[in-house]
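Asks: The structure is given below, and queries will be raised subsequently.
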Amino acid sequence: TWTPTVSTPASRTFTSATGTYTKIGRMVHCLFEISGLNTATSGVDVQFAGLPFSSSSLTYAGYALIGDISGVTYAANYSQLYARVATGSSSMQLLQRRTDGTSHDTFAAGGGLGATFVLRGVVTYFT
């Protein structure tokens with residue numbers, strides 16, 4: 001098992017965070033469920049830490065698909081939520097995709113996680 005934590009903004013903590021993982025060679029496949037914050041976020045970059053292994057030095061060594069989402073507010077003209085694993089780290093950054101599909105941005109562009117949000121998803125990355 002592994003336990004996701006909030007790395008940015010530093011003053012936030014999850015109400016509940018659980019995860020499991022399987023490592024095959026250099027590939028790590030994780031399932032996670034995270035919910036609730038001690039304080040909602042709005043207009044700030046959001047990053048989760050605690051992945052079971054540090055990622056490789058590849059640029060964006062992995063991505064998270066988030067399939068069950070509630071309590072999330074998107075910036076204007078954004079809709080889809082996903083995350084990318086930072087290079088050489090054990091954290092992932094939440095991103096929101098523009099509704100027209102042309103680009104993505106962090107929650108610093110607007111939007112955020114409500115105090116009672118729920119995210120369930122998978123992340124696959126290389127060590």
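Asks: What do you reckon, is residue 42 in contact (Cβ under 8 Å) with a residue 40 or more places away in the chain and part of a strand (DSSP E or B)?
Replies: Here the answer is no, as residue 42 does not meet what is asked.
Asks: Among the residues of segment 62-76, what is the count of those that are surrounded by fewer than 15 Cβ atoms within 10 Å (Cβ to Cβ) and within 14 Å of residue 108 (Cα to Cα)?
Replies: Number satisfying all stated conditions: 1.
Asks: Quick one: which of 58, 51, 95 is part of a loop (DSSP other than H, G, I, E, B) and farther than 17 Å from residue 17 by Cβ?
Replies: 58
Asks: Could you check how many residues of segment 13-30 are among the β-branched types (Val, Ile, Thr), closer than 14 Å to residue 51 by Cβ and either surrounded by 14 or more Cβ atoms within 10 Å (Cβ to Cβ) or at pLDDT below 95 (or both)?
Replies: Summing the residues that are among the β-branched types (Val, Ile, Thr), closer than 14 Å to residue 51 by Cβ and either surrounded by 14 or more Cβ atoms within 10 Å (Cβ to Cβ) or at pLDDT below 95 (or both) in segment 13-30 gives 2.
Asks: Here is a further query. Can you pull out the residues in segment 83-96 that are in contact (Cβ under 8 Å) with a residue 24 or more places away in the chain and either open to solvent by less than 60 Å² (accessible area, probe 1.4 Å) or under 11 Å from the mean Cα position of the chain (by Cα) (or both)?
Replies: If the condition is that a residue be in contact (Cβ under 8 Å) with a residue 24 or more places away in the chain and either open to solvent by less than 60 Å² (accessible area, probe 1.4 Å) or under 11 Å from the mean Cα position of the chain (by Cα) (or both), then 83, 84, 85, 86, 88, 89, 90, 91, 92, 93, 94 are the ones that fit.
Asks: State which residue is most open to solvent (accessible area, probe 1.4 Å) when the search covers only segment 97-119 and only residues that are under 18 Å from residue 12 (Cβ atoms) and among the polar types (S, T, N, Q).
Replies: The selected residue is 116.
The values are calculated or read from the model by the stated rules, or taken from the named source; none is laboratory data. What you see is a predicted model, and the numbers here were worked out from it, not measured in a lab. Positions of Cβ are generated from backbone atoms using ideal geometry, with glycine treated the same way; all protein chains shown enter the neighbour counts. Surface areas here come from the heavy atoms of the whole protein model, side chains and all, with no ligands, DNA or RNA. Shrake-Rupley method; radii C 1.70, N 1.55, O 1.52, S 1.80 Å.
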